[in-house]
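This report concerns only the one structure given below.
Values in this text are rule-based calculations from the coordinates and carry no lab data. Source: prediction; values computed, not measured. A quick note on method: Cβ atoms are made from the backbone with ideal geometry, for glycine too, and the neighbour counts reach across all protein chains shown.
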Amino acid sequence: MEFLRDAKNVTKYRIDPKRIVVIGHSMGGFIAAYTAAHDPEVSAVVMIAAWNFGARVTRPVQPEGMDTFWSASPRMAGTTPEGLYAEAKAHGAEWDYVSYAERLKTRPVLILEAKDANTADNHAMMEGLSAAGSSLATEKYLEADHVFSDHRIALQRTILEWLATLPAPASK
């Protein structure tokens, strides 16, 4: 976020720092929600098949839930499956993205769901945003696997069409 708001980068890359949208898939969907919830200057959020990192560790252990820690940790420097799980366990309540609904209710949020283990959590996020009074949240389901392997164009189209609905930049 600092890079995107740095005056030199704003000029060099023609960034409008008032229109930053964070988009993330799976663990990145959690990171996108976390980032926006803790940075009120983020203008909108897209959560793609978002893994609810915190909620996963507060529930009874399910084999498919632990598989995610094993598959995610090799892509992350400086951790192990056990270390990643222990860190998530220590921050479980804080990292349950449904708890971010109150902070995100005034900003556009797109929740894209797939046919995967995250669908119920994604739907719970939409319910949380609705309960918080959001009229800016959109929930979409694509009949696809977790990585949208056979629906990449539909995924792109859905995000681009949603981005086109966001308010235009203020006149200078």
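Average projection, convex hull of the Cα set of the range 1-48: 3.1 square nanometres.
Please report the antiparallel percentage of DSSP beta bridges with both residues in the chain, rounded to the nearest 5.
Values: 0 of 14 bridges.
Of all bridge pairs located within the chain, approximately 0 percent are antiparallel.
At most 14 other Cβ atoms within 10 Å and a DSSP loop assignment: could you name the GluC sites (Glu not before Pro) in the range 91-164 that fit? Spell out each step's value before the answer.
On the way: sites: Glu94, Glu102, Glu113, Glu127, Glu139, Glu143, Glu161; in loops: Glu94, Glu143.
Qualifying residues, ordered by number: Glu94, Glu143.
What the phi angles of the range 80-96 give under the Karplus curve with 6.51, -1.76 and 1.60, with θ = phi - 60°, is a coupling list of 10, x, 5, x, 5, 5, 4, 5, 5, 4, 5, 10, x, 5, 5, 9, 7 Hz, glycine and proline written as x.
Based only on Cα atoms, what Rg/Rh ratio does the chain have, Rh being taken as Kirkwood's radius?
Working: Rg = 16.6 Å, Rh = 16.9 Å.
Rg/Rh: 0.98.
Excluding same-chain neighbours fewer than eight residues apart, the aspartates and glutamates reachable from Lys8 by a Cα-Cα span under 16 Å are Asp16.
Taking the square roots of 5 times each eigenvalue of the Cα gyration tensor of the range 71-172, largest first, gives ellipsoid semi-axes of 27, 20, 15 Å. Distances between every pair of Cα atoms in the range 79-136, grouped in 10 Å steps from 0 to the bin holding the largest one, split as 23, 40, 30, 8 percent.
Among the trypsin sites (Lys or Arg not before Pro) found in the range 10-60, those both in a DSSP coil and sparsely packed, with 15 or fewer other Cβ atoms within 10 Å of their Cβ, are Arg14. Applying both filters, DSSP loop and at most 14 other Cβ atoms within 10 Å, to the chymotrypsin sites (Phe, Trp or Tyr not before Pro) of the range 114-172 eliminates every site. Of interest is the spacing of the C-alpha centroids, which for the range 108-147 and the range 76-99 amounts to 21 Å. On a 0 to 90° scale, report how tilted helix 27-38 is relative to the longest principal axis of the chain, with both axes built from alpha carbons and the result rounded to the nearest 10. Approximately 50 degrees, to the nearest ten.
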